[in-house]
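Worksheet: the structure to be examined is printed underneath.
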Amino acid sequence: MTNNEKHIKEPFMHITKRTDIKPYIAWLIRLIAIVAALIVSALVIVSITDYNPFEVYLKMIEGNFGSERKFFIMLQNTAMLLCVSLAVTPAFKMKFWNLGAEGQVLVGGLASAACMFYAKDSLPSWLLILIMLFASVLSGIIWGVLPAVFKAVWRTNESLFTLMMNYVAIQLVSFFIMVWVPNGSSVMGVINQKSENGWLPPVFGQKYGLNILIVAILTVVMYIYLHYSKQGYEISVVGESENTARYVGINVKKVIIRTMVISGAICGLTGFLLVSGTNHTVSKELAGGMGFTAIMVSWLAKFEPIMMIFTSMFIVFLQKGAGEIAMTLGLNESVSDILTGILIFFIIGSEFFINYKINFRSAQKEAE
Amino acid sequence: MKKIFALVLAVVMLLGLAACGSKSSGKKAEDGIKVGLICLHDENSTYDNNFIQALKQVQEELGLKDDQVLIKTNIDESDACYNAAAELVDAGCDIIFADSFGHESFMIQAAKEFPDVQFCHATGTKSLTEGVKNYHNAFASIYEGRYLAGVAAGMKLNEMIEKGTIKPEEAVIGYVGAFNYAEVVSGMTSFFLGARSICPSATMKVTYTNSWFDIAKEKESALNLINSGCVLISQHADSEGAPKACEEKGVPNVAYNISTISMGPNTALISSKIDWSVYFKLAITAVQDGKEFDTDFCGSLKDGAVKLTELNDKVAAAGTKEKLEEVQAKLESGELKVFDTKTFTYKGAELTEYLADVIDEGDFKPETNVIENGEFAESQKRSAPYFDIKYIDGVSDL
């Protein structure tokens, strides 16, 4: 041991980047992470409650798959979260940090609600729905493209800009509800509850049928767009390096603005689906934080639309499961937030071990 | 990553199916009534906690088992409320309560779809107009409780004046309201009338948070009021924000829904609350006995639905307890009326006629004269409050 001190001191451990990890090892690391997360969660459950952790896990599964209704609610929530995630993905691939999905969804929803509120029963439902769709998508585009233009032309910081646009959207919603509902309760209530004018009709006997179908198609379209279209390729190049993009003759400004038009449009579409197909009303909580959760969904899936089906379902699974254990076991939802936190922490943490290798000071030297 | 998720999901789905198969989709348990409650927030909100504790109390009184009482917390005022109600029906509930104003449309939607289940919505306004037999509204004449809490506040103000801490004209009350809305306006006005009946020089300043539950905003609002010279604070918002701000500043506080003595041992005076156990018990036993019950129920001081919580002797002025008993007896006997038109003026004149939006058809047009027998007939034409006069003389915005 004393000899060692004369040498250049080697750290106890150092980290090197892995370049060629075998897929099965990457798999194994992720599996270990999930098992470890479940074990830690189980320890937490045992230490703070009287419940058997397996009972808790089973309840979480029941909360999502326990009945046909629960299953479709899970699918619907997944579809909405997935839709926002699809919206932010092209921008993220371009390294344009769109933190404004929340606001873009809100203005989209607000536009739909406004159409329903003002049109009431004066238009046939199918026409009203088309107008709502157009208005929502247009509002989403405006909310998305504003920061993009400022970024492309004046190089403003898009994260701050998009983030601040959220608050403008929230205030707009508050304002309009105040105008529409003068009694001051700030509750819009269901619009056109009697006539159901402007409500998306059920498909296959499922009231969320159209929502789920539209998002499913959109997922495939987005996959093809990102992987097989020229525009999708341009997005990747701009994301890797703006200078390279410029060098090969890509109009970077155009790509930034065009991509945010797409991003905003899909957010607007989500707003439309949330109002016309789901809630039939608007409130400040319409987007319910999905604009931010979507970032995690998209990132966990490495910006791959097909994988995002699973990551969004995973997040919704945890949320719905949380509600179920809160109800049936009487555990506060904070408990399930802790479990969700542990799971996500381990999954994100596992990426570190997949990308980097930890080298310990060799055992031989230790022995000397 | 993708494969792992696929794998996990496959396992999850398999287990899910297994869970499906093993559970006999819980329709109508023969072993007794099942009760559901839908809450906007969870126990951390004083408002929701008031409902949850009341239901647990009734559960004990009626000897219901834990699996007969299902409570769903953190349910938004959206489609999520309808889904929560529908899931509770699936789980076999015979009667379902919801606690937030914004839940109403979604409860009505569920009530229409499941006519065999009773849906009871607190604070709502539409049972009179919707005409759905299994849809009920409920509230209580909380203005009586607020008035009494105001009496305790008035005693405290008088004590401060007598001690010379403040001059009579400095007896300014601060009020943190959630929304600029009838329920809140009714509450603040009755509180103010109670205080002024004891301390005639009292005035009140009001500010709103535009949220039912926002700890930071409620705290900030209370501090703003204190800084602008208010010497006593009360609130109609559901977090501990205001009571804690008062404790920090040493300003007496009158709360709502729960006793806040633990949050502010040196400043919490008293709270008024609705005891929902009265309604829960009435509705649940009616369903158990297969009887119909009121589609628009309004509890009162007399039947125990409106209550005061424990008086904090450390803060209260001497003689408060006796005074409260005296005023309560008068309110119960009808000798004293909270909204007696002789006790307040609006724009300098006594009210002889006032139209309120009692029949809620979504038009927001006031249509019913609510001044009767020398009083504003609050909660007599409909359980949910409709006193929305902003403001009677003596009350003003901050």
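Each reported figure results from applying straightforward, stated rules to the coordinates on display, with no laboratory input. Computed from a prediction, not measured in an experiment: that's the story for all the values here. As a convention, Cβ positions derive from the backbone with ideal geometry for all residues, glycine included, and neighbour counts pool all protein chains shown.
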| remark: Between the alpha carbon centres of segment B:47-122 and segment A:199-213 the gap in Å comes to 26
| query | In this model, which of A:151/B:217; A:207/A:284; A:59/B:56; B:205/B:330; A:254/A:284 are farther than 25 Å apart at the alpha-carbon? | reply | A:151/B:217; B:205/B:330; A:254/A:284
| Positive-end residue, chain A charge dipole about Cα centroid, Cβ charges, pick of A:73, A:251, A:237 | A:251
| message | Between segment B:185-210 and segment B:240-310, what is the separation of their alpha carbon centroids in Å? | response | 19
| Cα-based shape type of segment A:1-144, given that a ≥ b ≥ c are square roots of the gyration tensor eigenvalues and the cut on a/c is 1.5 | oblate
| said: For a distance above 34 Å, tell me the whole-number percent of Cα pairs in chain A that qualify. | reply: 39
| Could you give the length gained on full extension between residue A:20 and residue A:233, defined as 0.36 nm per residue of separation minus the Cα-Cα distance, in nm? | 74.2 nm
| field | Mean projected area (nm²) of the alpha-carbon convex hull when chain B is viewed from all directions | value | 22.8
| query | Across 10 Å bins from the origin, how do the percents of Cα pairs in the protein assembly as shown run, short distances first? | reply | 3, 12, 20, 22, 19, 13, 7, 3, 1, 0, 0
| query | Efficiency by 1/(1 + (r/R0)^6): what FRET value for residue A:130 and residue A:217, r their Cβ-Cβ distance, R0 = 22 Å, to the nearest 0.05? | reply | 0.80
| task | For segment A:69-302, calculate the relative contact order in percent as a whole number, restricting contacts to Cα pairs under 8 Å that are 6 or more residues apart. | result | 43
| note | Ordered by number, the chymotrypsin sites (Phe, Trp or Tyr not before Pro) in segment A:178-265 that occupy a DSSP loop and have at most 13 other Cβ atoms within 10 Å are A:204
| Taking B:352, A:162 and counting other C-beta atoms within 10 Å, the order from fewest to most | B:352, A:162
| note | Per the charge dipole of the protein assembly as shown (beta-carbon charges, Lys/Arg positive, Asp/Glu negative, Cα centre), the residue among A:270, A:26, A:325 reaching farthest to the positive end is A:26
| B:378, A:351, B:310, B:353 arranged by Cβ crowding within 10 Å, fewest neighbours leading | B:353, B:310, A:351, B:378
| query | Treating the beta-carbon of each Lys and Arg as +1 and of each Asp and Glu as -1, no other charges, what is the dipole magnitude of segment B:340-385 about its Cα centre, to the nearest 20 debye? | reply | 140
| query | When each pair of different Cα atoms in segment B:278-398 is counted once in the 1/r mean, what is the Kirkwood radius in angstroms, to one decimal? | reply | 17.5
| said: For B:38, A:129, A:257, which order do you get if you count the other beta carbons within 10 Å of each Cβ and list the fewest first? | reply: A:257, A:129, B:38
| remark: Any lysines whose Cα falls less than 27 Å from that of residue A:9, other than same-chain ones fewer than 8 residues away, would be A:17, A:357, A:365
| remark: So the angle from the long Cα axis of helix A:209-228 to the longest Cα principal axis of chain A, reported in degrees to the nearest 10, equals 50
| query | Can you give the angle from 0 to 90° between the axis of helix B:104-113 and the longest principal axis of chain B, with both taken from C-alpha atoms, to the nearest 10? | reply | 30
| task | Any chance you could run the full-extension gain for residue A:52 through residue A:13? It's 0.36 nm times the residue separation minus the Cα-Cα distance, nm to one decimal. | result | 10.2 nm
| task | Report, by chain and number, residues whose modeled amide H sits under 5 Å from the one on residue B:70, excluding near sequence neighbours (fewer than 5 apart, same chain). | result | B:35, B:36, B:37
| query | Against the longest alpha carbon principal axis of chain B, how many degrees, from 0 to 90 and to the nearest 10, is the axis of helix B:46-61 turned? | reply | 60
